[in-house]
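A short worksheet on the structure shown next.
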Amino acid sequence: MKVLIPGPLRPYTKKRLVEAEGATLAELVADLDRRFPGIRFRMIDEQDRMRRHIRFFVNGEQEFALDRALAPADSVVIVQALSGG
Amino acid sequence: MARAKRKPGGGARKGARTALLVATRKGAWIFRGDAARKVWKAEGPHFLGHIVNHLVLDPRDGRTLLAAAKTGHLGPTVFRSTDLGRTWKEAAKPPAFAKAPPGGSEGAKGRSVDHTFWLTPAHANEPGVWYAGTSPQGLFRSEDGGVTWAPFSAINDDPTYREWMGTVQDGTPDGPKLHSIIVDPRDPRHLYFGMSGGGVHETTDGGRTWTPLLKGLEVVEGFDKSTPTFHDPHCIRMCPGNPDRLYQQNHCGIYRIDRPSDAWVRVGAAMPKKVGDIGFPMVLHPSDPDAAWVFPMDGSTVWPRVSVGGVPCAYVTRDAGKSWRRLDAGLPRAQAWWTVKRQAMTADRGSPVGLYLGTTQGELWAGANEGARWACIARHLPEIYAVEAAEPG
């Protein structure tokens, strides 16, 4: 499925829209990390919590659970939340 | 303890030129000095927009740089260069706490590293080994030059240490930190570190066991000084010229200890009363264990943490803290409300020694001739977090 990558993570992907696979958000993030090593830890901490200023949207809805199921046709958008100056 | 023989201290390598490694809230810079240490050429920014807490050169190879970085949005990482900053690669496994078992109590919930705050190359006989201190307090070690990191010793998850680390409220405004990781040049198993809050700790068995080293240190009035949580060592340094002597700039004064004594002595008591002995950095002479510098700040009332009276100055001792002398030639005479953070003042190994400091207002200053005369090297940088003087190979 298509994943929109926010600006701060594009040094990993080199492009804004990438392909990744996964039956859940967690699997999708793991696949992103296989394709773009290191990208997961910048978004998800060592306790498997989404980092404070990273947001995931699936089909336009914000998701907070990494076990959220995904379908191949879903669109995933990763967003940088406001984090101050 | 068994200690390898190794000559402590020593001056700069012949022909070596000083480079200043400047870590800021918005990236890192390298300032390369000429032979006279008068003209400085800026290289950078590296990692523009990243919060860089520490940039350190490996003195064992003179080429490997590690940078502790994060951004406002992204989690923490470590970048590594083996060509003095021309190219960088991210650590494959940055410092991270162990994952907590599921279903733990609130107190047993796993922690996550907010940022790596401090980097220390390990012993000269352990090439490629580094230590890292994090916020919240954690101690990590890499054995492959900073590519992969693992928790070091048991303290990160030890119940007693976790209690001593306290809560976020017991730490600095930017989060509680583990810092001042010090390796005895005579023995790689003999280490110290500091925690803000959490006190000073020592191991002589390579991190298997640690002992608090708190005797003689003050805490804020009303707190119990026997509890490590309430101790706040801002910066601890070991004398290169005598590894049995350490100095520290603490939240509650300037101290010296001469091992094997386990008691710190408040040498800041000899500072002028109007200036006080509060500050962040502690800088030591590369070979003279009686010489040290501090940069006082206002720790009165609500703790403004700026230059006392808006007049920045360093102070030097040449007699191990019995007396202190003001060094402010060339520094602003009024209305300069600086803070110099704990990693943002350092000394090179030249003769005479050069001092360097970075300010929260983004100015980089050099104190030539051991601080006798100060000159501004750079203005308009972002807030400076750390300055290291290095000798690239």
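Just list whichever of B:Lys41/B:Lys274; B:Lys225/B:Lys274; B:Lys225/B:Lys341; B:Lys38/B:Lys70; A:Lys15/B:Lys70; B:Lys70/B:Lys225 have alpha carbons separated by over 28 Å in the model shown. All intermediate terms of the calculation are to be shown ahead of the outcome.
Values: B:Lys41/B:Lys274 38 Å; B:Lys225/B:Lys274 25 Å; B:Lys225/B:Lys341 24 Å; B:Lys38/B:Lys70 32 Å; A:Lys15/B:Lys70 21 Å; B:Lys70/B:Lys225 34 Å.
Beyond 28 Å: B:Lys41/B:Lys274; B:Lys38/B:Lys70; B:Lys70/B:Lys225.
Spherically averaged projected area of the convex hull of Cα atoms, chain B: 18.2 nm². Taken over the range B:178-296, the ratio of Cα radius of gyration to 2.2 N^0.38 Å equals 1.00.
Residues in the range B:200-205 carry Karplus couplings, in order, of 9, 9, 9, 10, 10, 10 Hz; the curve used is 6.51 cos²θ - 1.76 cosθ + 1.60 with θ = phi - 60°, and Gly or Pro positions show x. Placing dummy labels 7 Å off each Cα toward the beta-carbon, the span from B:Lys99 to B:Ala334 is 6.2 nm.
The distance between label points at B:Ala124 and A:Leu17 comes to 5.9 nm (points 7 Å beyond Cα on the Cα→Cβ vector). Between B:Asn369 and B:Ala150, the FRET efficiency estimated from the beta carbon spacing at R0 = 56 angstrom works out to 0.80.
FRET efficiency for the B:Thr211 to A:Ala73 pair, using the beta carbon distance and R₀ = 56 Å, is estimated at 0.40. Extension gain for the segment B:Lys89 to B:Asp34, taken as residue separation times 0.36 nm less the Cα-Cα distance, is 17.0 nm to one decimal.
Select from chain A those chymotrypsin sites (Phe, Trp or Tyr not before Pro) which occupy a DSSP coil region and have at most 14 other Cβ atoms within 10 Å, ordered by residue number. Walk me through the numbers on the way to the answer.
Details: sites: A:Tyr12, A:Phe41, A:Phe56, A:Phe57, A:Phe64; in loops: A:Phe64.
Sites meeting the loop and neighbour criteria: A:Phe64.
Which whole-number percentage describes the relative contact order of chain B, with Cα contacts under 8 Å and a sequence gap of 6 or more? RCO, chain B: 14 percent.
Considering only B:Arg342, B:Arg162, B:Arg141, the mean-square fluctuation computed in a Gaussian network model of chain B, springs between alpha carbons under 10 angstrom, is largest for B:Arg162.
Taking every Cα-Cα distance in the range A:2-80 and sorting them into 5 Å bins from zero, the calculated P(r) comes out as 3, 16, 32, 31, 16, 3 percent.
Both radii are taken from the alpha-carbon atoms of the protein assembly as shown; with Rh as the Kirkwood radius, Rg/Rh is 0.98.
For B:Lys225 and A:Lys2, a Förster radius of 51 Å and the Cβ-Cβ distance give a FRET efficiency of 0.30, rounded to the nearest 0.05.
Springs between Cα atoms under 10 Å define the GNM used for chain B, and in it the highest mean-square fluctuation of B:Pro95, B:Pro296, B:Pro243 occurs at B:Pro243.
None of the figures in this text is laboratory data; all of them are computed from the coordinates on show. All of these numbers come straight from a predicted model, not from anything done at the bench. Glycine also receives a Cβ, built like all others from the backbone with ideal geometry; neighbour counts cover every protein chain displayed.
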